[in-house]
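Have a look at the structure that comes next, please.
The values are calculated or read from the model by the stated rules, or taken from the named source; none is laboratory data. Since the structure is predicted, the reported quantities are computational estimates derived from the model, not experimental observations. A quick note on method: Cβ atoms are made from the backbone with ideal geometry, for glycine too, and the neighbour counts reach across all protein chains shown. The area values use the complete protein model at the heavy-atom level, side chains included, leaving out ligands, DNA and RNA. Shrake-Rupley method; radii C 1.70, N 1.55, O 1.52, S 1.80 Å.
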Amino acid sequence: MIRVLIADDQAMVRTGFGMIIGAQPDMEVVGEAADGVEAVAEARRLKPDVALMDIRMPRMDGLQALRLLAGPEVTEPVKVVVVTTFDLDEYVHQALLGGAAGFLLKDSGPALLIEAVRAAASGDALVSPSITVRLLRHLAAPAPAGGDGGLSPRELDVVRLTARGQTNAEIAGELFISVGTVKTHLGSIHGKLGTRNRVEIAAWAWERRLVS
């Protein structure tokens, strides 16, 4: 079972997400939180497989809570999927840098929410398609020196497809390689770039203008 924590200051949202998660045969809601402070405490106490986190919450916002649970300095990060009504560039960028294992809009629908939870639980990450292209391309930092990160041409192919939101199976089909080979490439990419999930790979690619 995938154990899920839901953090949102609106009770109706928590209830709705809980019904969607609870209806899945491989998922269960293990806890809820109504603000960021409670979210951090409950995540550390319950150690869920995935936490769904709103951005705007009282006492501590979701981005700060995300950094405490999944930031670069966290030794045992929680897999946090940010689910929000706010798709501002600034929020997306901060969430990616904060270690988010996904970024969805609340109107994305139940199917995408479930897919995002499963992706995060399996070590993958999902970003709403409407955000992936429209927002990540606007991170817009000039490409740093050494923009290829020491990646091989094939690894760069995998990075570009990852940044477009494609799954491992879709990348394998596009490049005519096995899913296992895609996973091997992703492991090598993480090692060279210091990234921890697909979201960070996507952010790296968009910042360096590797995706048009």
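Val81 - would you say it is over 18 Å from Gly109 (Cβ atoms) and among the β-branched types (Val, Ile, Thr)?
Answer is no for this residue.
So, in segment 80-107, of the ones that are modelled with pLDDT of 80 or more and of a type in the set (Ser, Thr, Tyr), which residue ends up surrounded by the fewest Cβ atoms within 10 Å (Cβ to Cβ)?
Step by step, filter segment 80-107, then rank; the result is Thr85.
Against the definition (within 22 Å of Ile114 (Cα to Cα) and buried (at least 22 other Cβ atoms within 10 Å of the Cβ)), how does Val13 come out, yes or no?
No: the conditions fail for Val13.
Residue-by-condition table, conditions (1) open to solvent by less than 40 Å² (accessible area, probe 1.4 Å); (2) assigned to a helix (DSSP H, G or I):
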| residue | (1), (2) |
| --- | --- |
| Ala169 | no, yes |
| Ala172 | yes, yes |
| Val182 | yes, yes |
| Leu186 | yes, yes |
| Gly191 | no, yes |
| Thr195 | yes, no |
| Val199 | yes, yes |
| Trp204 | yes, yes |
| Arg209 | no, no |
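How many of the residues in segment 2-31 are over 17 Å from Lys106 (Cα atoms) and of a type in the set (Asp, Glu)?
Number of matching residues: 2.
Which numbered condition in (1) buried (at least 22 other Cβ atoms within 10 Å of the Cβ); (2) touching a Ser or Thr at 6+ places or on another chain (Cβ under 8 Å) is the only one that Val4 fails?
Evaluating Val4 over (1) buried (at least 22 other Cβ atoms within 10 Å of the Cβ); (2) touching a Ser or Thr at 6+ places or on another chain (Cβ under 8 Å) leaves (2) as the failure.
Hey, among the residues in segment 22-36 that are small (Gly, Ala, Ser) and exposed (fewer than 15 other Cβ atoms within 10 Å of the Cβ), which one's farthest from Met57 (Cα to Cα)?
Looking at residues that are small (Gly, Ala, Ser) and exposed (fewer than 15 other Cβ atoms within 10 Å of the Cβ), I get Ala23.
Separate question: Quick check on Asp35: is it of a type outside the set (A, V, I, L, M, F, W, C), touching a residue at least 24 places away in the same chain (Cβ under 8 Å) and within 23 Å of Asn168 (Cβ to Cβ)?
No, not satisfied.
Something else: Would you check if there is a residue in segment 100-111 being within 12 Å of the chain's Cα centre (by Cα) and farther than 28 Å from Met19 by Cβ?
Within segment 100-111, not a single residue is within 12 Å of the chain's Cα centre (by Cα) and farther than 28 Å from Met19 by Cβ.
Tell me yes or no: at least one residue of segment 40-59 is of a type in the set (A, V, I, L, M, F, W, C), modelled with pLDDT of 90 or more, within 21 Å of Met12 (Cβ to Cβ) and open to solvent by 10 Å² or more (accessible area, probe 1.4 Å).
yes
Out of curiosity, is Val117 β-branched (Val, Ile, Thr) and modelled with pLDDT of 80 or more?
Here the answer is yes, as Val117 does meet what is asked.
Right, another one. Any residue in segment 140-161 that is under 17 Å from Ala100 (Cα atoms), surrounded by fewer than 21 Cβ atoms within 10 Å (Cβ to Cβ) and at pLDDT below 90?
Looking through segment 140-161, none of the residues is under 17 Å from Ala100 (Cα atoms), surrounded by fewer than 21 Cβ atoms within 10 Å (Cβ to Cβ) and at pLDDT below 90.
Residue under question is Leu135, and the condition is that it be buried (at least 17 other Cβ atoms within 10 Å of the Cβ), under 27 Å from Glu73 (Cβ atoms) and at pLDDT 90 or above; does it hold?
No; evaluated as a whole, the condition is false for this residue.
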